[in-house]
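For reference, the structure is listed below as structure tokens.
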Amino acid sequence: MIPIRDNQPSNCFPVVTYLLMGINLLVFILQIQTGLNNEVFFYYYGLVPAKYTVHEMSRHFSTGNHLFSIFSYMFLHGGFLHFIGNMWTLYIFGDNVEDHFGSLRFLGFYLICGIISGLFHFFLNPVSMVPTIGASGAIAGVMGAYFLLYPKSRILTIIPIIIIPLFVEIPAFIFLGVWFLIQFFNAAGANAGSGIAWWAHIGGFIAGLVLVKLNKKLPKTGTKQKISQFTAKKHTPRLQMIVASGSPDSPDLYGNIDITSMEAIAGTNKMVTIPWGFYKPLYKVKIPSGVKHGTRLRLSGMGKSVPDGIKGDMYLTVNVKNKIL
């Protein structure tokens, strides 16, 4: 399964998510210059359990290297596909999880998930001499958090059927649940010399679940709100899909449309698509300046058709994101 996008909107620009992607990119460029198969580089900066447990190997590395490797390993990758796959997954799921935690807590969350995933792998393979590298464990933590926070979100996914790609929307809890089961079964069947640290993925995912729960118990510092003043998105997507509802005895339909506080002040135009059977017509909606949260806009003739040929109206309730306090 290859995720393409999710339908869960985020209210803030994901500064830390993009920063982490940028750091991974810079490190990967450095790896290309030193050689992607540079084993000395991997042993020095990767997580090698035997560096801590086997004296013959441990004595070649300093205490500083022992500590730094637990952190540095999560920014290394073994090849283009490894790098692209990890960064794409972080791109899809990271913005929403960062939106929930706030930028600073998300940074701490990401790094802690990466460290815990590495320790999980270490304790299950204490004498392994195979370097473990990659952001997969930390990103697994992001996926675990997404699993708890947005289980009803839908993930547009490619499922290859031989050579034919099948596009389907899968609920997040199913997509991520299946992903976790795949990691578990692969970990259970993998041998000690396996090139993929399956248990690190599992450890990271579990760490993400636990840290979401712990975060709810931490006191609020107000930092998230202060930072969000600068990272809040100034625009919602120009194209939005309206999920309409109504009653059987009325031709009128009702839905919601999202805008930001800046768009509420200045006014904006949106394109909306309202699914009807097998086609999705596009409609232009003009939102006037000064509109308030909860304002209802009337779209004449966009409701249901009744037997006498008269069409009902569509009423869109304005949902203002990032409301200015």
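Just so you know, all these numbers are worked out from the coordinates, no wet-lab data involved. Given the structure is predicted, the values throughout are model-derived calculations rather than measurements. We place every Cβ from the backbone using ideal geometry, glycine too, and count neighbours over all the protein chains shown.
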(request) Can you grab the distance from the C-alpha centre of region 235-276 to the C-alpha centre of region 16-50, Å, no decimals? (result) 45 Å
(request) Given the peptides 159-172, 118-131, 32-45, arrange them by the average over their residues of other C-beta atoms within 10 Å, most packed first. (result) 118-131, 32-45, 159-172
(request) Taking the chain as the reference, fit the longest principal axis to its C-alpha atoms, fit the long axis of helix 198-217 to the helix C-alpha atoms, and give the angle between the two in degrees, 0 to 90, nearest 10. (result) 60 degrees
(message) Just to check I understand the Karplus step: with θ = phi - 60° and J = 6.51 cos²θ - 1.76 cosθ + 1.60, what whole-Hz values come out for region 86-100, glycine and proline as x?
(response) 5, 5, 5, 5, 5, 4, 6, 9, x, 5, 5, 5, 5, 4, 6
(request) Multiply the residue separation of Arg238 and Asn37 by 0.36 nm, subtract the distance between their alpha-carbon atoms, and state the gained length in nm to one decimal. (result) 67.9 nm
(request) May I ask you to compute the full-extension gain from Ile159 to Phe185, defined as 0.36 nm times their residue separation minus their alpha-carbon distance, rounded to one decimal in nm? (result) 7.4 nm
(message) Counting only other residues whose beta carbon sits under 13 Å from that of Gly108, what net charge do I get with K and R as +1, D and E as -1?
(response) +1
(request) Alpha carbons only, please: Rg and Dmax for region 234-321, in angstrom. (result) 13.4, 44
(message) As a test of the formula, what do you get for the chain when each DSSP H run with n ≥ 4 contributes -39,500 (n - 2.57) and the sum is divided by the residue count, at 222 nm and rounded to the nearest 500 deg cm²/dmol?
(response) -15000 deg cm²/dmol
(request) Provide the net charge surrounding Glu98, with neighbours chosen by a C-beta distance below 15 Å and charges set as Lys +1, Arg +1, Asp -1, Glu -1. (result) 0
(request) Before anything else, pin down the relative contact order of region 234-321: Cα pairs under 8 Å, at least 6 apart, normalised by residue count, whole percent. (result) 33 percent
(message) As a test, work out the antiparallel percent of DSSP beta bridges whose residues both lie in the chain, rounded to the nearest 5.
(response) 70 percent
(request) Report, largest value first, the span of the C-alpha coordinates of the chain along each principal axis, in whole Å. (result) 87, 49, 39
(message) Loop-only trypsin sites (Lys or Arg not before Pro) in region 180-268, please: DSSP not H, G, I, E or B, and at most 12 other Cβ atoms within 10 Å.
(response) Lys220, Lys234, Arg238
(message) Cut-off under 18 Å on the C-alpha distance; same-chain residues fewer than 8 positions from Lys213 excluded. Which aspartates and glutamates are left, in chain and number order?
(response) Glu98, Asp99
